[in-house]
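What follows is one structure encoded as structure tokens, with my remarks underneath.
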């Protein structure tokens, strides 16, 4: 039996909510541009003035969300059986529950503690001095655990799941544990196999620079247009740390150019373009509403990694790209230093190392597994921060065979924990898994996919992603979006097949 | 007898107000960056999203200003005898009175009518069709008069003064009328004298391009640093219409480069740098408070015109600048086409024309006088819009000796009236007058001033402006700031002396 039709008052409450959420969405867009500007354009002396503007807009936005009327409106609201409106109301309730679950006193304490800790971390990492960071990091962890408990209690989740849910709604530790356990079992063998395979195939030398920055930027634009980036609704600029930001209909990616190496910037542009295509593909009729937002960090990372790792680090893509790259950078397409094979071997080179952000595709998940194991144990109270360095280094040795001798190459290397981002790390590898699974499904639906990529034709790939991922926005869970697109919920099989195929020649 | 000391409650009300006004100031800064971005960086497809963000921030800011508690706080607030706090409270009351004087229904109607009219104006100007614009312009004028009456009633001002006060607080039609009357009497003779003088001195030919855009931009940066622009708190970029915008500690100017002429961009950079130096020189301890803002448009324009017209179109400046310009743009400093004399004659060339924004220094005020006469008559109900074209053209003929044959070269040329900016025009010429008066005073205080400029040394000029204008912000009226700096209230004498000296060789 269907539910009773919503009353006029319930529908009116929903309409009021859409206006308030739209207002918050427009502020989010303003904050997106202000944040982008800070990283790309802002003169150094404006840091304080900008921080004040950003803080003011955040406070106003938070004020709209936590307005006392909001809870009543969310209780009263109802919609007819339009599934998007139903999902929108569901998302409104979810983000509101997150926003009000933690008392503002605790939010402020966390913000202050993580700012302090992040500052201290810069020095501690430079000086390789974990002990000096320990008191501040302990404060951040304690406050994070307190907030996680409050949020968990309000949302009916365990503390770690409550943190995870902020970045990746619906994903739970119970889903991740078995998958990551399997990865951690198979990964050492896989990496050993990849290194054996690589020893049998020398990696040829890449063309050396210097490469003109303007030429690299023009190449970046060519690549963006090739993969389907809408240049009338976005930009490419330069920042110290590459990112995808901006606003609705204004998706801005950044990269950083090196004189002597064009591959890092190029692959970075393709990675961020994957993020950007997701944002540009979100349904415009749901802009500024919660249901119109990207689903979560796993799915977002799946879009960047699908583009970068699955598609653009393929031999097929490099076959098309090599002469384009050579032409753009003034190289000789017939010189082996510019060949598709050279480019492909370079972008799939395996080299186990200490630093996560420099890791290759196959060793990267090892870094994530270690961080995930550490942060779940720390949040769940099964480990003391004092024991972090030894435990971290032990697991790096288990998985990568490397001996960490300095904490700056170990547990001090990432900004996430000092800055209060606990529960974020697993989304990188969940994203990589989903990327592989989506790519297999897309190829199943269109067996000519990689042939098309080999001609620089991304039309059918983008169309498939639009339909199966981008257009769905937050109308369903990550699990359901992946299951509907691929026939199975997120899992590690496609990912392991991909790694074995690409790196072990299986 | 001194007033009684303020009560604790009165002081607390003032502190609350400073927090609320700071919040509004931080939003103004955010809007400044979003507006700058729209003109310089934003991709075309983001126009709608950006308009929504800007509208949302404006509504939130207006909501803070018109919050029902605000009037009570402003009534209750008092400060000790710190003159800056007294002035700040006075400014708070003034901007609040402006904000609440016009009913929001009327604000919205004006915003809609002027948007419509501005759109129609673009077509009407192109098609030279005043009749087609008349109904929409009538609507804008009627609503403007209605708002001016409401504002005037609330502020105790005549309708035209109420409009003027929005752009130039404290300036009144009664101050302007006699001054502009004198200008309109003397100007035709002055312009005739300037043309006679020019006929006796051939204007030498300038170097022809093409001039590289990057080289022009580098030259712009050199000039900005020379005049004292703090590059750590500002930027130079490109936009269709040059402006000075941005935010506190983040003053952003723009220009537009032409391949075949470097002088327009160069003089534009120097003009906007004058605006920017004012903004950068406002007292940092009063940032985001009403008293810390620039005083008004006359004084703002005086700073740009002092820099551009008084200082940088001088022979002394060009003596220093000519070799710098030649070097920057790849010219031969010994070639007469790049000489100081050529540059000076080019930037002081007189050529009466129809278009205000293309006018030279001496004919520019004629354009303003005509517009001022027209808009005061229209607002005060002494003229009908239907009679505008004929009246406009008649006065252009009186002052410049030119016969306007097409309204697009006459009363259709400016965006101000269609967009609802009535009461703005006189500030251009008031600014030019104040610029001349300030320059005379600065030179009286430092007779070596122009010698220093001739060495590219702006230190003492900037220091004088900092003390006498910039640092005073809105702590006093335009009239008092000018009188304190120069020994007399704003008047036309220095301006007329300057024009006679430069253009008639007197």
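Taken together, the values in this text are just the output of simple stated rules run on the coordinates, not laboratory data. Because the structure is a prediction, the values reported are computed rather than measured. All Cβ positions, even for glycine, are placed from backbone atoms using ideal geometry, and neighbour counts span all protein chains on display.
In degrees from 0 to 90, rounded to the nearest 10, what is the angle of the helix A:315-328 Cα long axis to the longest principal axis of chain A?
80 degrees
Where the label is 7 Å out from Cα toward Cβ, how close does residue B:447 come to the same position in every other copy, in nm, shortest first?
The projected label point of residue B:447 is separated from its counterparts by 9.7 nm.
Counting only other chains, what is the mean number of Cβ atoms within 10 angstrom of the Cβ of each residue in peptide A:21-28?
Numbers: counts 0, 2, 6, 1, 4, 11, 5, 1.
Mean inter-chain Cβ contacts per residue within 10 Å come to 4.
Restricting to chain B, compute how many DSSP beta bridges are antiparallel as a %, nearest 5.
In chain B, approximately 45 percent of DSSP beta bridges are antiparallel ones.
Using the Cα gyration tensor of the range A:377-506, with a ≥ b ≥ c the square roots of its eigenvalues, what is the shape: rounded (a/c below 1.5), prolate (a/b larger than b/c) or oblate (neither)? Kindly include the intermediate steps, with their values, before the conclusion.
On the way: a/c = 2.71, a/b = 1.84, b/c = 1.48.
Verdict is prolate for the range A:377-506.
Whole-Å semi-axes of the range A:142-205's equivalent ellipsoid, largest first, each the root of 5 times a Cα gyration tensor eigenvalue? Write down the numbers at each step before the final one.
Working: eigenvalues 320, 34, 18 Å².
Whole-Å semi-axes of the equivalent ellipsoid: 40, 13, 10.
Ratio to report: Rg/Rh of the range B:275-347, with Cα atoms as the point set and Rh obtained by the Kirkwood method; give two decimals.
Values: Rg = 17.2 Å, Rh = 14.3 Å.
Across the range B:275-347, the Cα-based Rg/Rh ratio is 1.20.
May I ask for the angle, rounded to the nearest 10°, between helix B:8-40 and the longest principal axis of chain B, with both axes built from Cα atoms and the value confined to 0 to 90°?
With both axes taken from Cα atoms, the answer is about 40 degrees.
Calculate, in nm to one decimal, what residue A:259 and residue A:9 gain on full extension: separation in residues at 0.36 nm each, minus their alpha carbon distance. Each step should come with its number before you reach the end.
On the way: separation 250, 0.36 × 250 = 90.00 nm, distance 6.25 nm.
That pair, residue A:259 and residue A:9, stretches by 83.7 nm at full extension.
Taking 7 Å along the Cα-to-C-beta vector as the label spot, tell me the residue A:284-residue A:20 distance in nanometres, rounded to one decimal.
Distance between the two pseudo-spin positions: 2.9 nm.
Sorted from shortest, what are the nm distances separating the label point of residue A:51 from equivalent points in the other copies, each placed 7 Å from Cα along Cα to C-beta?
List, nearest first: 3.7 nm.
Suppose we keep just the alpha-carbon trace of chain B; what are its Rg and Dmax in angstrom?
23.3, 72
Sort the range A:174-306 into rounded, prolate or oblate with this rule: let a ≥ b ≥ c be the square roots of the eigenvalues of the Cα gyration tensor; rounded if a/c is under 1.5, and if a/c is not under 1.5, prolate when a/b is larger than b/c, oblate otherwise. Please list the in-between numbers first.
Details: a/c = 2.89, a/b = 1.13, b/c = 2.55.
The shape class here is oblate.
Given contacts defined as C-alpha pairs under 8 Å and at least six residues apart, what's the relative contact order of chain A, whole-number percent?
Relative contact order here is 19 percent.
Can you classify the range A:41-197 as rounded, prolate or oblate using the Cα gyration tensor, where a ≥ b ≥ c are the square roots of its eigenvalues, rounded means a/c under 1.5, and otherwise it's prolate if a/b beats b/c and oblate if not? Walk me through the numbers before you get to the answer.
On the way: a/c = 1.95, a/b = 1.19, b/c = 1.65.
Since a/c reaches 1.5 but b/c is at least a/b, the shape of the range A:41-197 is classed as oblate.
What FRET efficiency comes out for residue A:463 versus residue A:82 if R0 is 30 angstrom and r is the Cβ-Cβ distance? Round to the nearest 0.05. Please report the intermediate quantities before stating the final value.
Values: r = 25 Å, r/R0 = 0.84.
That gives a FRET efficiency of 0.75.
Between helix B:263-281 and chain B, what is the angle of the helix's C-alpha long axis to the longest principal axis, kept within 0 to 90° and rounded to the nearest 10?
30 degrees
What is the packing order of peptides B:84-90, B:449-455, A:162-168, A:195-201, taking the mean over residues of other C-beta atoms within 10 Å and listing the highest first?
Values: B:84-90: 19.3, B:449-455: 17.0, A:162-168: 23.6, A:195-201: 12.4.
Highest mean packing first, the order is A:162-168, B:84-90, B:449-455, A:195-201.
Compute the relative contact order of the range A:297-407 as a whole-number percentage, counting only Cα pairs closer than 8 Å that sit 6 or more residues apart in sequence.
Details: 82 pairs, mean separation 18.5, N = 111.
Relative contact order here is 17 percent.
How many partner chain Cβ atoms sit within 10 Å of a residue's Cβ in peptide B:56-64, on average, as a whole number? Kindly include the intermediate steps, with their values, before the conclusion.
Numbers: counts 12, 8, 0, 2, 9, 2, 0, 1, 1.
Mean partner-chain Cβ count within 10 Å for B:56-64: 4.
Given the alpha-carbon gyration tensor of the range A:284-440, what are the semi-axes of its equivalent ellipsoid in whole angstrom, ordered largest first, with each equal to the square root of 5 times an eigenvalue?
So the equivalent ellipsoid measures 34, 24, 12 Å along its semi-axes.
I need the semi-axes of the equivalent ellipsoid of the protein assembly as shown: take the C-alpha gyration tensor, multiply each eigenvalue by 5, square-root it, list largest first in whole angstrom. Walk me through the numbers on the way to the answer.
On the way: eigenvalues 657, 252, 160 Å².
Equivalent ellipsoid of the protein assembly as shown: 57, 36, 28 Å, largest first.
Restricting to DSSP H runs of at least four residues, report the calculated mean residue ellipticity at 222 nm for the protein assembly as shown, -39500 (n - 2.57) per run over all residues, nearest 500 deg cm²/dmol. Let's see the in-between values first.
Numbers: 40 runs with 633 residues, N = 1012.
Helix-only estimate at 222 nm: -20500 deg cm²/dmol.
For label points placed 7 Å from Cα toward Cβ, what is the shortest-first list of nm distances from residue A:146 to its copies?
List, nearest first: 5.6 nm.
Using label points projected 7 Å from each Cα along Cα→Cβ, tell me how many nm separate residue B:205 and residue A:94, to one decimal.
7.2 nm
List the relative contact order of the range B:8-129 as a percent without decimals, with contacts defined as Cα pairs under 8 Å and 6+ residues apart. Write out the running numbers ahead of the final one.
Numbers: 54 pairs, mean separation 42.7, N = 122.
35 percent.
What per residue convex hull volume, in Å³, do the alpha-carbon atoms of the range A:8-124 yield? Show your work: numbers first, answer last.
Working: hull volume 15.1 nm³, N = 117.
Hull volume normalised by residue count: 129 Å³.
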